[in-house]
Amino acid sequence: MKITKYIFTVVVVAGLLAFIVFHVIPRSSSSNSVQQQDSSAQAADNGSAQPADHSAVPSFVLMDLKGKEKQLQSYKDKLILVNFWASWCGPCNEEAPSMEEMYKKLHEKGLVIVGISIDHHVSQVKKFVQQYSITFPVLLDTSESVASSYGITGVPETFILNSNYQLIKHVIGPIDWSSPDVTSYLAGLIKEEK
């Protein structure tokens, strides 16, 4: 019985280590979008990053919290972060304060964040926005049609786009957006857009 328990513990620990090595620690292969052009991009990958092929992402038209239609093309000549989230998502709650802090630092320099909530109840979205004092645009995808067109597998997921609406990086999971390394990486991308 003790050997079975020991083997089970070893398997669980090995599985956790494998997860950390393959999903948390930045990879050094050139196919990882974190390794594009700038080594500071490596620090921006606390979540799992997907390779960027600079293809155009799907456009969308969604309602904001004031009932006005907004489309992706409303945000011109900026570095754009499209962040899919939900109020019931623990990691989204973790990530929101750092995203707002980063937005306040970089918005005037040329960054826009478009938060897209997949919540089904607008009241929950408004409560979340108020709780975290979110000032960036928040749009409603209650049918999850835009989330589906982007192929998200969960929340939070963030798509970093250039001013031509092409994918630079796809981040799966929460990261600390206000960390100096991430802020520096995004500031560098903003400079490239000018």
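A few notes on this one:
- Phi-based couplings in Hz for the range 121-138 (Karplus 6.51, -1.76, 1.60; Gly and Pro marked x): 10, 4, 4, 5, 5, 4, 5, 4, 4, 5, 4, 9, 6, 6, 10, 6, x, 10
- In this structure the amide hydrogen of residue 65, modeled in the peptide plane, comes within under 5 Å of the amide hydrogens of 138, none closer than 5 places in sequence on its chain.
- Amide H contacts for residue 168 (H built 1.01 Å from N in the peptide plane; partners 5 or more residues away or on another chain; cut-off under 5 Å): 160, 161, 162.
- For residue 113, residues with placed amide H under 5 Å, excluding near neighbours: 81
- Mean separation of Cα contacts under 8 Å (6+ apart) over length of the range 30-193, as relative contact order %: 36
All of the numbers you see were taken from the coordinates with simple rules; none came from a lab. Please read these numbers as outputs of a predicted model, since none were measured by experiment.
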